[in-house]
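This report concerns only the one structure given below.
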Amino acid sequence: MPKYFDLKSIFRNSESPLLKKMPGFIISIISGIIYEKRINHIIEKYKNFDGVAFLPKIVEELKLKVEIEGLENLPETGKCFFVANHPFGFIDGLILTNTVGGKYGTLKAIGNDAFNYVPNLRPLVTYVNVYGRTPKDYIKILDEVYNSDSPITHFPEGQVSRKYNGKIQDNLWQKSFITKSVSCGRDIVPFYYYGRNSRLFYFIYSFRNFFGIKTNLELILLPHEMFRKKGETIRVRIGKPIPWQTFDKRASHKDWAEKLRKHVYKIGQAPSADLEFIP
């Protein structure tokens with residue numbers, strides 16, 4: 001079976017001296033934890049499905065039951081930012097892109113270059129480096145996407161939710177999507193995901209935080225978190241679109257991003273999906 005995702009090769013070609021020198025037996029252990037063989041099996045199984053056609057196959061493979069409230073809030077025009085909280089890692093990205101792709105037939109997802117290892121997703125993903133500087137050629141491609149008519153899905157926090165201030169939630173959202181919403185005339189459609197990852201995921205985050213370990217050790221568990229949700233019901237609520245003209249000079253783009261982050265969590269607590277965004 002072809003090895004689309006090869007952790008040993010990734011480590012050996014890494015710019016990190018630590019990863020380059022990682023002992024083979026450690027790599028084998030990590031490969032098992034992240035379900036490398038299972039991931040490669042799924043990619044091979046659906047190798048003839050690319051882009052939007054690949055997404056429902058993975059929903060089917062994982063036997064996910066998806067309950068979405070507020071589908072009527074998806075606008076007829078897809079030239080919007082579809083943004084969401086990020087509690088799971090892969091599952092929320094899968095459902096967000098599948099929902100938007102199912103409605104409009106096309107989309108671009110803003111994601112990190114880890115998705116480059118899944119060839120089926122390459123037509124959909126526009127890459128950013130959430131852990132460092134984004135290369136100039138990436139920035140040029142990003143600008144072309146922002147100025148296109150394609151729907152764009154995005155998790156503005158950039159990383160999976162952790163436990164902050166005693167609550168499992170996204171950290172501060174990056175302001176760039178507000179800036180591009182205004183400059184490119186893109187309304188924003190908010191999604192809220194109910195749910196969380198395992199206690200182990202948050203324990204590892206708290207453990208490394210307590211001991212000052214900067215490496216995101218808990219990210220190794222994200223494939224595990226994906227497969228443990230097999231057969232589960234994922235609940236989603238879609239809020240009303242927010243016109244891009246809303247984000248005026250009453251607040252900075254950073255402050256607008258924080259207001260919108262708080263609004264997304266209010267959507268999850270409201271009686272219905274009709275909650276208005278109040279600046």
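If you take every residue apart from P119 with its C-beta less than 10 Å away from the C-beta of P119, what net charge results, scoring Lys and Arg +1 and Asp and Glu -1? Mind dumping the intermediate values first?
Working: positive: K47, R122; negative: D50.
Within the 10 Å Cβ shell, the charges total +1.
Listed peptides 211-217, 257-263, 184-190 appear in the order 184-190, 257-263, 211-217 once ranked by packing, highest mean of other Cβ atoms within 10 Å at the front. Once both labels are positioned 7 Å from their Cα atoms along Cα-to-Cβ, the gap between A251 and I33 label points is 3.8 nm. Helical content of the chain, expressed as a calculated mean residue ellipticity at 222 nm, amounts to -11000 deg cm²/dmol (DSSP H runs of 4 or more residues, -39,500 (n - 2.57) each, divided by residue number, nearest 500).
In the chain, taking the dipole from charged Cβ atoms about the Cα centre, the farthest positive-side position among I43, T153, S16 is held by S16. Computing FRET efficiency as 1/(1 + (r/R0)^6) for L219 and E44, where r is the C-beta to C-beta distance and R0 is 25 Å, gives about 0.55.
Simple rule: put +1 on each Lys or Arg Cβ and -1 on each Asp or Glu Cβ in the chain, find the dipole, and look at N98, P243, G78; the Cα lying farthest toward the positive end is N98.
Towards the positive end of the charge dipole of the chain, with charges on Cβ (+1 Lys, Arg; -1 Asp, Glu), say which of V125, P190, M226 has the farthest Cα. Result: M226.
For mean projected area of the Cα convex hull in nm², the choices are [x] 22.9; [y] 15.2; [z] 16.0; which was calculated from the structure? Correct label, based on the coordinates given: [y]. If you take every DSSP beta bridge whose two residues both sit in the chain, what share of them, in percent to the nearest 5, is antiparallel? Counting only bridges with both partners in the chain, antiparallel ones make up about 25 percent. Evaluated over the range 1-45, the count of Lys pairs having alpha-carbon atoms less than 15 Å apart is 6 (only pairs 8 or more residues apart or interchain).
Quick note: the coordinates plus some simple rules give every number you see, no bench work behind them. In this text, all values refer to a predicted model and were calculated from it rather than measured experimentally. Glycine gets a Cβ as well: all are built from the backbone with ideal geometry, and neighbour counts include every protein chain shown.
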